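Encoded as structure tokens, the structure appears first; notes follow it.
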Amino acid sequence: MKSSRCFLGSWLSRKTYLIFSAGLIVYNYLGVKNLFGWVDSDFWEHLAAIGSFSRDLLNPENPFVAPSSLPTHLFTPYHLFWGAVSRLVNIQPYFLMPLIGSVNIILFLIAARFLARDILGSRKYALLIVLTMLFFWIDPWLWSGFYNFGLLPLTSPYPYWFALSISLILISIYNENIIRALLIAPATGLVFLVHPLVGSFLVVALAIKVVLFPRISFLNRVYLLSILLAAIILTFLWPYFPVLNAVLMSRQYRNVGFAGDYRDFYAHIYIRLFPSFFGLYYIYRSIIRRRLDFVTLGFLIFMVIYVANYFFFHNAVFARYIIFIAFFLQLSVVLLLKEYENKPQKPVVFLLYFFLLIGCGVFEFHDSVKKIGWYWDLSKKTEIGWHSNERFVRRFQSYSEYVGYKDIVLADRTNSWLLPGILGCKVVGIAHSNPFMNDFVERAVAVDSFFAGRLSLAEKVAVLNQYDVNYVLIAKKDIDKHLDLRDRLKYVFSDGLNYLFRYQSGGLS
């Protein structure tokens with residue numbers, strides 16, 4: 001038992017945490033720098049939004065489609081900040097991604113220390129929190145908001161990693177002091193603007209803490225809750241997109257192709273969260289002892305919302321609260337480990353924990369390294385660096401001599417997803433919608449039909465004119481499908497895989 005205690009003490013030491021943190025930061029930095037594939041991921045839309053801010057901080061244009069005044073939920077303080085950095089250092093947003101991802105991971109590691117001190121009474125449990133959050137999953141959803149290791153390094157530059165980390169810090173330092181609550185309020189609003197899903201979690205979590213504060217008056221609880229409400233209401237004044245409209249429209253997101261089908265987040269939940277069910281014993285004991293602490297009450301509240309949504313509301317945002325059910329379950333796992341740290345059953349409990357950690361960790365690590373080009377370079381036996389998103393970027397950067405920020409390019413939807421984040425141009429069809437884009441499906445059908453060769457010449461011309469297209473990008477292998485447009489397209493450039501043509505609505509003279 002003594003040797004076991006010494007091992008655990010060493011394993012949970014500050015030095016061990018620093019070594020682990022350094023390894024995670026370096027791995028993630030190199031991973032982001034050498035990402036490969038995932039051309040339809042959110043990665044590119046965040047680049048496009050940051051690029052729009054880098055060109056005009058006060059009046060950014062819609063990063064994907066014209067008219068430029070069309071609102072987008074991507075114009076958050078997060079994108080504004082990194083757009084300003086991009087402009088200040090004169091570096092294209094793509095090449096800032098390793099830095100952005102590193103900052104978010106560092107914040108996450110700091111947040112875990114704060115959370116360990118607040119929830120478990122000691123920062124030494126931070127490593128257990130990080131490992132449990134990152135690895136206690138089985139094939140989780142590939143959506144924004146999920147924080148498993150398998151999604152790194154791809155998602156580390158995403159806004160939700162920043163929002164989650166700041167939320168955990170705010171939850172940890174929040175107390176019954178009214179002055180502190182007032183100081184925290186702007187940060188709460190910031191999180192809500194950066195990632196509303198995480199922001200709603202933060203507000204509910206802080207409200208739970210208010211309810212659980214001992215020895216404060218009813219009036220002070222009302223003050224604290226009112227401050228939280230005011231923090232959210234103030235976000236409605238954000239000038240870059242109509243926040244209130246985005247919130248009120250959440251029930252209709254599916255109709256505009258945004259946020260997915262709510263039913264997707266109820267599929268296979270018992271398998272996906274299985275490792276964290278280890279913590280249900282802690283929650284069960286808290287309930288029967290009538291000791292509803294922050295973790296237990298948080299789990300119950302988010303579970304009630306999640307279950308009620310399945311039967312009544314059918315809201316895709318509420319369905320994604322499965323993320324926070326997982327979070328509270330994972331915290332309950334660590335609390336259970338702490339509870340058994342000095343009990344005779346400790347070896348069995350910790351053996352089970354490490355069994356789950358290693359078993360899930362193998363799959364999570366495999367999912368993660370598959371996102372890095374070096375994995376594919378080694379498996380395909382190509383030169384190091386051949387499989388890299390940077391090659392996409394470098395190739396499309398060669399178009400910048402011809403295509404400008406004001407131009408509209410008609411390309412297939414895969415390339416259309418990349419071009420705005422690299423060249424800053426507008427496109428017709430995109431991979432993902434946004435809450436304010438009512439013609440997403442119409443655009444998608446037009447683009448897909450155009451490049452599948454299903455349209456007549458007159459129909460193709462109608463598409464080109466309807467969306468004020470300046471340039472058409474056609475894959476070399478598909479050029480024969482568009483010979484009927486030869487009198488209206490002027491060859492401009494080729495990168496070896498695609499041809500770039502300038503479109504003239506009246507034909508070529």
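The values are calculated or read from the model by the stated rules, or taken from the named source; none is laboratory data. Nothing here was measured: the structure is a model prediction, and the numbers come from that model. Every residue, glycine among them, receives a Cβ derived from its backbone with ideal geometry; neighbour counts consider all protein chains shown. These accessible areas exclude ligands, DNA and RNA; they are computed on the full protein's heavy atoms, side chains included. Shrake-Rupley method; radii C 1.70, N 1.55, O 1.52, S 1.80 Å.
Here the label points at D293 and A207, each 7 Å from Cα along the C-beta direction, are separated by 2.4 nm in the simple model. Entry for the stretch 360-461 at q = 0.10, 0.15, 0.19, 0.23 Å⁻¹: log10 I(q)/I(0) = -0.44, -0.83, -1.00, -1.12, Debye formula applied to identical alpha-carbon scatterers, no solvent contribution. For the stretch 421-509, the direction-averaged projected area of the alpha-carbon convex hull comes to 6.4 nm².
For the chain, the fraction of 1.4 Å probe accessible surface lying on carbon and sulfur atoms is 64 percent. Per residue, the convex hull spanned by the Cα atoms of the stretch 299-339 measures out at 46 cubic angstrom.
Compactness of the stretch 56-146 is given as radius of gyration and Dmax, 18.0, 53 Å, from Cα positions.
When averaged across all projection directions, what area in nm² does the alpha-carbon convex hull of the stretch 317-379 cover?
Details: hull surface 25.9 nm².
One quarter of the hull surface, i.e. the mean projection, equals 6.5 nm².
A crude spin-label estimate for the pair Y402 and R285, with each label 7 Å from Cα along the Cβ direction, gives 6.8 nm.
Globularity index of the stretch 210-339 is 1.27 (Cα radius of gyration / 2.2 N^0.38 Å, N = number of residues). Descending by average beta-carbon neighbour count within 10 Å, the peptides 223-233, 336-346, 467-477 line up as 467-477, 223-233, 336-346, the highest first. Run through the stretch 163-267 and list the trypsin sites (Lys or Arg not before Pro) located in a DSSP loop whose Cβ has at most 15 other Cβ atoms within 10 Å. Within the stretch 163-267, the qualifying trypsin sites (Lys or Arg not before Pro) (loop, at most 15 other Cβ atoms within 10 Å) are R215. Only Cα sites of the stretch 103-198 enter the Debye sum here, all with the same form factor; the resulting log10 I(q)/I(0) across q = 0.10, 0.11, 0.14 1/Å is -0.28, -0.33, -0.54, listed in q order.
Give the Debye-formula value of log10 I(q)/I(0) at each listed q (0.05, 0.08, 0.12 Å⁻¹), with one equal scatterer per alpha carbon of the chain, two decimals each. Values, matching the q order: -0.22, -0.56, -1.15.
Hey, what did the chain get for relative contact order, percent, Cα under 8 Å, at least 6 apart? It would help to have the intermediate numbers written out before the result.
Working: 750 pairs, mean separation 91.2, N = 509.
Value for the chain: 18 percent.
From its DSSP helices (H runs of at least four residues, each -39,500 (n - 2.57)), the chain gives a residue-normalised ellipticity at 222 nm of -17500 deg cm²/dmol. What the chain shows is 45 Å² of accessible area per residue, with the surface traced by a 1.4 Å probe over protein heavy atoms.
Going highest first, how would you order 412-423, 65-76 by mean Cβ packing within 10 Å?
Values: 412-423: 22.0, 65-76: 18.2.
Going by the mean number of other Cβ atoms within 10 Å, highest first, we get 412-423, 65-76.
When you restrict to C-alpha pairs under 8 Å that are six or more residues apart and normalise by the size of the stretch 78-173, the relative contact order lands at 36 percent. Note that the stretch 128-143 has calculated 3J(HN,Hα) couplings of 4, 4, 4, 4, 5, 5, 7, 10, 7, 9, 10, 6, x, 5, 8, 10 Hz, one per residue in order, obtained from phi through the Karplus relation 6.51 cos²θ - 1.76 cosθ + 1.60 (θ = phi - 60°); glycine and proline are x. Can you work out the PRE-style zone for I271? Point 7 Å along Cα to Cβ, and I want the residues of the stretch 103-144 with backbone N under 13 Å. From the stretch 103-144, the list is 138-141.
3J(HN,Hα) along the stretch 148-164, derived from phi through the Karplus expression 6.51 cos²θ - 1.76 cosθ + 1.60 where θ = phi - 60°, amounts to 6, 4, x, 8, 7, x, 3, 9, 4, x, 5, x, 5, 5, 5, 4, 5 Hz, with x in place of Gly and Pro.
Legend: residue pairs K381/K490; K33/K476; K370/K477, Cα-Cα distance threshold 32 Å; pairs beyond threshold, K381/K490.
Here the gap between E390 and H366, fully extended at 0.36 nm per residue and compared with their Cα-Cα distance, gives a gain of 6.4 nm. Translational diffusion of the stretch 285-431 was estimated from the Stokes-Einstein equation, with Rh taken as the Kirkwood radius over Cα pairs; at 4 °C and 1.567 mPa s the coefficient is 63 µm²/s.
Given R₀ = 25 Å, FRET efficiency for Q504-V39 by Cβ-Cβ distance, to 0.05?
Values: r = 30 Å, r/R0 = 1.19.
For Q504 and V39, the calculated efficiency is 0.25.
Measuring from centroid to centroid over Cα atoms, what is the spacing of the stretch 21-56 and the stretch 458-509 in Å? Using only Cα atoms to place each centre, the spacing works out to 31 Å.
Dipole of the chain computed with +1 at Lys/Arg Cβ and -1 at Asp/Glu Cβ about the Cα centre; of A66, V32, V204, farthest Cα towards the positive end is V204.
For the stretch 259-402, relative contact order (Cα pairs under 8 Å, six or more residues apart, normalised by length) works out to 23 percent. The convex hull around the C-alpha trace of the stretch 1-121, projected and averaged over every direction, spans 10.8 square nanometres. The modelled label-to-label distance between F493 and Q466, using points 7 Å beyond Cα along the C-beta direction, is 2.8 nm.
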